[in-house]
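This report refers to the structure that appears directly beneath it.
The values are calculated or read from the model by the stated rules, or taken from the named source; none is laboratory data. Please read all numbers here as calculations on a predicted model, not as lab measurements. We place every Cβ from the backbone using ideal geometry, glycine too, and count neighbours over all the protein chains shown.
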Amino acid sequence: MNRKKIINNITRHNKFIIGICLAVIVVIIIVAMAGSKETEDITYRETTVEKGELVVGITESGSVDIGTVDQVFELDMSALQRAQTGSSSGNSNSGFGAGASGMGSMGGGQGSFSTPGGSSQGMGGMSGMSGGSQNSGSSQSGGGLSGGSTDMFGQIFNMAGSSGSNQMQTSGNLTISEVCVSIGQKVQEGDILYLLEEESVEALKEELQSNVEKAEADLKAVYADQELSRRTAQYNYDSSIAYGDYASLEYDNTIKNLQNAVKQAREDLAEARALHSDYSAQLSQFTVDYEAAVEVLNQCIWTVENTDKWTDTYAYATAFQLMESARSNVDTLKQKKEQLESNTEQALKNVNSAATALNKAERNLESGMLTADKTLALRKLAYSTAQETYDIALAYLEDAAESQEATSARAKERWEEFDSHIDGNAVRAVYNGVITSVPLAEGDTITTNDTLVTLYDTDSVDMTVSIDEDDMTDIAVGTQANINLTAYPNKIFQATVSEISDASRDSNGNVTYEVTVIISGDTSGLFQGMTGDVTLITRQTKEVVYVSNRAIIREGKNSYVKVKKEDGSVSKQKVTTGFSDGVNVEIIEGLSCGDTVLIESKVSKS
């Protein structure tokens, strides 16, 4: 055998050995794999066929946000303040005597009118017809009629405004001696929130009792004032009759004064414009002269700078003298120019001021004519309806008495109301819930509308989720939602969309909306921050029979379930499926509500 054949035989022998080795390795691997192969056990879980609505919607995760409710101290602390009527001040009608003395003269004052409420003011809302200032008890500038006391309507309105206005004086406070609750504490209606200092409570009780006594005393004073007020109403009746005869004269005098003011303002404006024009002309001329003088000065300066004082001393001295003369002339003209500029500027301000004054005078004329027309009509109306106005004024006097009677009654009611807010020296809870805030501390005082505590409000529970704009097509305020909370896996909470935010865009350009839903029904078991899924319902069925999707076995085009019968046996049942929400599927045919089916699960074993 030659050398080449020997080498070929050795090669074939080696390949055969290698092949056998590889085959052995493969067999070993297969055996090993077969030995380690996992087995699967099949388990079943029962589920019941149910009947109800199936829904499809947009589902996003969120957390519960519980609103809060404040318990407010509603006791009206004005019950601790004395209700003072003007009758107790002793000067409710002090203006009428003085008014009567001026009644005979057209320019004289008529005094001030003080209502039973104690406020002293001009009897007429328009004492005179001018649009200028009007002062109680004095005639208008320009010699118009005072006539204030003839405004019976002003008297009526003043009485109406004063009948219910009581001046208040502050009094005692309720002071906290002990805070009995803390943040996070659960309280029930009737639990003590705060204890109050006994001294402050007793002082309050004494003040309430005193307030009742003072209100009754003020009521007696109002009754006494009524008689004097009736005399005042009679005086105003007489004034209305008397001043009705002078209404036209008052009107003509007022219009004349306003027109004269406009005329004077126009003359002042013309004079200011003429003076400004004169100063402007002078300024223009001096400006030209000044600029020419500056040019001469510049030429002189150039000559001096370009003349050698050592070689041409005379020419230099002459040029220097001319330069100084030109500089002096420039300084003089500059001063005059600046003075004219100041004069011109001031003259322009005077023009503007005069124009403003004219505009004001013209506006005063326009508004004054309207006021005069209204006042003239008022004078004539007061004249023609004096008796009726007198009767109305008396009616308002009765209202004033009724108002003080009501004040007295309120004082008694507040005395009784005290016990409904303060139990001994304790302030108690009126809500059930968990406290989130205790704003008052020992030593603080409690006043009306103070927040005593803040609690979680289980009537205001919501969740907010972020929804992509592509999913917003079928979502609007009022859209229904289902909520599945992690803490309650077998319970569905109902909710309604209450708010949709404006669109927002993230760093990737995606547009989303924040959608808030209010949870309805019993929310007493919910807590702040609970997490879960919100499904915004976009489609739903009516009442249908349904079962879990996991119970369906699909073989080709057919669907089956494994049904557990009453005897414990299991059979394979063909069903017809319909609408699915992704978790459950509608059973059109093959099952009934209450049937028990099996969900098959495979458990791997090694």
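Of the residues that sit in the stretch 215-237 and are surrounded by fewer than 22 Cβ atoms within 10 Å (Cβ to Cβ), within 44 Å of the chain's Cα centre (by Cα) and among the small types (G, A, S), which one is farthest from R410 (Cα to Cα)?
Looking at residues that are surrounded by fewer than 22 Cβ atoms within 10 Å (Cβ to Cβ), within 44 Å of the chain's Cα centre (by Cα) and among the small types (G, A, S), I get A221.
To keep it simple, each residue is scored yes or no on (1) at negative phi; (2) among the acidic types (D, E); (3) at pLDDT 80 or above.
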position	(1), (2), (3)
E402	yes, yes, yes
S408	yes, no, yes
R414	yes, no, no
S420	yes, no, no
N425	yes, no, yes
V434	yes, no, yes
Y456	yes, no, yes
V461	yes, no, yes
D468	yes, yes, yes
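For the stretch 498-514, which positions are closer than 21 Å to D474 by Cα and either touching a Leu at 6+ places or on another chain (Cβ under 7 Å) or among the acidic types (D, E) (or both)?
As a first pass, look at the stretch 498-514 and keep what is closer than 21 Å to D474 by Cα: 498-505, 510-514.
The answer is E499, D502, E514.
When the stretch 554-591 is examined, which residues are found to be touching a strand residue (DSSP E or B) at 6+ places or on another chain (Cβ under 8 Å) and over 29 Å from I537 (Cβ atoms)?
Of everything in the stretch 554-591, those that are touching a strand residue (DSSP E or B) at 6+ places or on another chain (Cβ under 8 Å) and over 29 Å from I537 (Cβ atoms) turn out to be N558, Y560, K562, V563, K564, K565, V570, S571, K572, Q573, K574.
May I ask you to list pairs of residues, at least six apart or on different chains, whose Cβ atoms are under 7 Å apart, with the first in the stretch 474-490 being over 16 Å from E60 (Cβ atoms) and the second being part of a loop (DSSP other than H, G, I, E, B) and not aromatic (F, W, Y)?
These pairs meet every condition: A487/M530.
In the stretch 53-85, what residues are at pLDDT below 85 and over 30 Å from Q540 (Cβ atoms)?
Correct list: E74, L75, D76, M77, S78, A79, L80, Q81, R82, A83, Q84, T85.
In the list A215, A242, A233, A247, which residue meets the criterion of being among the aliphatic types (A, V, I, L, M) and touching a strand residue (DSSP E or B) at 6+ places or on another chain (Cβ under 8 Å)?
Residue meeting the stated conditions: A215.
Quick one: N584 ticks every box in (1) within 16 Å of S601 (Cα to Cα); (2) touching a helix residue (DSSP H, G or I) at 6+ places or on another chain (Cβ under 7 Å); (3) not β-branched (V, I, T) bar one, so which box is it?
Evaluating N584 over (1) within 16 Å of S601 (Cα to Cα); (2) touching a helix residue (DSSP H, G or I) at 6+ places or on another chain (Cβ under 7 Å); (3) not β-branched (V, I, T) leaves (1) as the failure.
The rows are residues; the columns are (1) closer than 28 Å to L348 by Cβ; (2) in contact (Cβ under 8 Å) with a residue 60 or more places away in the chain.
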residue: E207; (1), (2): no, yes
residue: L219; (1), (2): no, yes
residue: E227; (1), (2): no, no
residue: Q234; (1), (2): no, yes
residue: D252; (1), (2): no, no
residue: L275; (1), (2): yes, yes
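Of the residues that make up the stretch 544-556, is at least one of a type outside the set (G, A, S), over 20 Å from T496 (Cβ atoms) and surrounded by fewer than 10 Cβ atoms within 10 Å (Cβ to Cβ)?
yes
Conditions tested, residue by residue: (1) acidic (D, E); (2) in a helix (DSSP H, G or I); (3) closer than 30 Å to L365 by Cα.
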| site | (1), (2), (3) |
| --- | --- |
| S277 | no, yes, yes |
| E295 | yes, yes, no |
| K309 | no, no, no |
| Y316 | no, yes, no |
| F320 | no, yes, no |
| S328 | no, yes, no |
| N350 | no, yes, yes |
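T389 fails exactly one of the following numbered conditions: (1) β-branched (V, I, T); (2) under 30 Å from L219 (Cβ atoms); (3) surrounded by fewer than 18 Cβ atoms within 10 Å (Cβ to Cβ). What is the number of that condition?
It fails just one condition, (3).
So F579 passes all but one of these: (1) part of a loop (DSSP other than H, G, I, E, B); (2) modelled with pLDDT under 85. Which condition number does it fail?
Of (1) part of a loop (DSSP other than H, G, I, E, B); (2) modelled with pLDDT under 85, only one is false for F579: (1).
Quick one: A409 ticks every box in (1) surrounded by 16 or more Cβ atoms within 10 Å (Cβ to Cβ); (2) among the hydrophobic types (A, V, I, L, M, F, W, C); (3) closer than 30 Å to E199 by Cβ bar one, so which box is it?
With respect to (1) surrounded by 16 or more Cβ atoms within 10 Å (Cβ to Cβ); (2) among the hydrophobic types (A, V, I, L, M, F, W, C); (3) closer than 30 Å to E199 by Cβ, A409 is out only on (1).
The rows are residues; the columns are (1) within 20 Å of S248 (Cβ to Cβ); (2) assigned by TED's automatic domain parsing to the domain that holds T232; (3) exposed (fewer than 13 other Cβ atoms within 10 Å of the Cβ).
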{"position": "E341", "(1), (2), (3)": "no, no, no"}
{"position": "N350", "(1), (2), (3)": "no, no, no"}
{"position": "A354", "(1), (2), (3)": "no, no, no"}
{"position": "L358", "(1), (2), (3)": "no, no, no"}
{"position": "L365", "(1), (2), (3)": "yes, no, no"}
{"position": "L376", "(1), (2), (3)": "yes, no, no"}
{"position": "R379", "(1), (2), (3)": "yes, no, no"}
{"position": "A401", "(1), (2), (3)": "no, yes, no"}
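In this structure, is S210 closer than 30 Å to D457 by Cβ and surrounded by fewer than 18 Cβ atoms within 10 Å (Cβ to Cβ)?
It is false that S210 is closer than 30 Å to D457 by Cβ and surrounded by fewer than 18 Cβ atoms within 10 Å (Cβ to Cβ).
Which residues, taken from the stretch 492-546, are assigned to a strand (DSSP E or B), polar (S, T, N, Q) and at pLDDT 90 or above?
First pass over the stretch 492-546, keeping only residues assigned to a strand (DSSP E or B): 493-500, 504-505, 511-519, 531-540, 544-546.
Subset that is polar (S, T, N, Q): 494, 496, 498, 504, 512, 516, 531, 535, 538, 540.
Listed by number, the residues that qualify are Q494, T496, S498, S504, T512, T516, T531.
Is it the case, given these coordinates, that A326 is buried (at least 16 other Cβ atoms within 10 Å of the Cβ), in the same structural domain as Q282 (by TED's automatic domain parsing), within 30 Å of E267 (Cα to Cα) and touching a residue at least 24 places away in the same chain (Cβ under 8 Å)?
No, not satisfied.
With the condition kept exactly as written, say whether any residue in the stretch 232-251 is charged (D, E, K, R) and at pLDDT 90 or above.
no
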